[in-house]
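Undergrad: Got a structure for you, questions after.
The values are calculated or read from the model by the stated rules, or taken from the named source; none is laboratory data. Keep in mind it's a predicted model, so treat the numbers as computed, not measured. Here the Cβ is made from the backbone with ideal geometry for all residues, glycine too, and neighbour counts use every protein chain on show.
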Ligand code: NAD
Ligand code: IPM
Ligand code: MN
């Protein structure tokens, strides 16, 4: 049974980091016989250049038929002035919505060897192990947008059903971990946040009495995340707050370049992508950190293909590469993307041989 993976490199460093992750996946495939098949498709600014739209119908159809999707990143200064409706970022939002990918899981685990790569004090961040579950297909990202006279409008809307389903995903994930959930909102000001808090409270009491729940306001959370990150297990929050808090969380990990994610819905293929963007400032130099995308590929093997052992092998190889100092510039190292990738592949092969 072959497994079809659609690869959307996108723009900037996107194709560099997806190529690295595909190299790692091919190596794992040789050892674990996963029968992975890869098909690349145009997406983002690259698709605007070739087809005048960021999410061509052929790309969307390929994604809908895939078993899983690996995405790099989209966007960049080249497309800053194209009409908003067909900007690279609009293609990404359209893809998430078309596939119903409402739960975006962004784990953060601090690696011992990266404690000094973080701008934060090591004694504050050591041992941090949390996951942010970001609602991905609702909220202010998808509300009505308009210009009226001299004003601009971005509507923020959440339905009870949208809040319930992402809460359930986050609470189920908490059950597999330390059974603690922290819901983040701005219920002291926003009506959508009051509905969010009410709904989370009701679902947790009725369906997850075994999971401890706390509610925090997003401004306080922005501070707690860097002052006491170890206190959190699973964090669930709306689309925009989750976007901002996870880039903040990347400072704890040492770099945006190491943060992976998965996005899934109730049906159909899930999508895996690093949380960073196309990094136009370093694109084309061969120095992008591929670890976030490689770790996203590990999440794919675990969640889409139930290949726990292969996923563990990738994560173990990345951890070892970090411990041995094979780091790109963003982490204070001197390695290129290709050198880090080759190291991960060689550690994977050594690991599999040792286990055989
Ligand atoms: P960014 O994440 O691209 O870059 C922020 C900083 O982090 C830059 O200094 C960059 O060099 C660094 N960085 C990011 N990833 C890295 C990696 N793998 N290795 C080393 N350094 C890395 O954010 P930005 O500059 O604000 O946005 C650039 C473009 O990317 C924009 O068009 C934005 O819309 C887009 N974007 C896309 C996605 C996505 O496709 N999912 C996510 C975020 C931003
Ligand atoms: C991310 C990005 C996207 C988002 C942008 C590019 C639309 O920042 O994936 O985190 O805000 O969701
Ligand atoms: Mn973001």
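Undergrad: Please find, among 47, 85, the residue that is more than 29 Å from residue 306 (Cβ to Cβ) and modelled with pLDDT under 95.
TA: On the way: 47 fails: modelled with pLDDT under 95.
The conditions single out 85.
Undergrad: Can you tell me which condition residue 229 does not meet? The list is (1) touching a residue at least 40 places away in the same chain (Cβ under 8 Å); (2) within 15 Å of ligand 3 (Cβ to nearest atom), and all the others hold.
TA: (2)
Undergrad: With the condition kept exactly as written, say whether any residue in the range 57-72 is in contact (Cβ under 8 Å) with a residue 24 or more places away in the chain, assigned by TED's automatic domain parsing to the domain that holds residue 14 and within 16 Å of ligand 3 (Cβ to nearest atom).
TA: Yes, the range 57-72 contains at least one residue that is in contact (Cβ under 8 Å) with a residue 24 or more places away in the chain, assigned by TED's automatic domain parsing to the domain that holds residue 14 and within 16 Å of ligand 3 (Cβ to nearest atom).
Undergrad: Does residue 221 satisfy the criteria of being under 30 Å from residue 34 (Cα atoms), touching a residue at least 24 places away in the same chain (Cβ under 8 Å) and either surrounded by 24 or more Cβ atoms within 10 Å (Cβ to Cβ) or away from ligand 2 (no atom under 12 Å from the Cβ) (or both)?
TA: no
Undergrad: Please indicate, with yes or no, whether at least one residue in the range 139-147 is under 20 Å from residue 291 (Cβ atoms), buried (at least 21 other Cβ atoms within 10 Å of the Cβ) and not assigned by TED's automatic domain parsing to the domain that holds residue 315.
TA: There is no residue in the range 139-147 that is under 20 Å from residue 291 (Cβ atoms), buried (at least 21 other Cβ atoms within 10 Å of the Cβ) and not assigned by TED's automatic domain parsing to the domain that holds residue 315.
Undergrad: Looking at the range 274-285, can you tell me whether even one residue there is away from ligand 1 (no atom under 13 Å from the Cβ), under 26 Å from residue 316 (Cβ atoms) and in contact with a helix residue (DSSP H, G or I) (Cβ under 7 Å, 6 or more places away or on another chain)?
TA: Among the residues of the range 274-285, not one is away from ligand 1 (no atom under 13 Å from the Cβ), under 26 Å from residue 316 (Cβ atoms) and in contact with a helix residue (DSSP H, G or I) (Cβ under 7 Å, 6 or more places away or on another chain), which makes the answer no.
Undergrad: Could you list, in sequence order, the residues of the range 238-268 that are within 12 Å of ligand 2 (Cβ to nearest atom), touching a residue at least 60 places away in the same chain (Cβ under 8 Å) and out of contact with any helix residue (DSSP H, G or I) (no Cβ under 7 Å at 6 or more places or on another chain)?
TA: Within the range 238-268, 242, 243, 246 qualify.
Undergrad: Another question, if that's okay. Does residue 189 qualify as being at pLDDT 95 or above and within 16 Å of ligand 3 (Cβ to nearest atom)?
TA: Numbers: at pLDDT 95 or above: yes; within 16 Å of ligand 3 (Cβ to nearest atom): no.
In short, no.
Undergrad: Among the residues of the range 54-75, write down those that are assigned to a loop (DSSP other than H, G, I, E, B) and in contact with a helix residue (DSSP H, G or I) (Cβ under 6 Å, 6 or more places away or on another chain).
TA: Pass one, the range 54-75, residues assigned to a loop (DSSP other than H, G, I, E, B): 54-56, 66-67, 74-75.
Result: 54, 55, 56, 74, 75.
Undergrad: Cβ contacts < 6 Å: first residue modelled with pLDDT of 95 or more, restricted to the range 299-319; second residue surrounded by fewer than 24 Cβ atoms within 10 Å (Cβ to Cβ) and in a loop (DSSP other than H, G, I, E, B), any location; separation 6+ or different chain. Result?
TA: What qualifies is 301/307.
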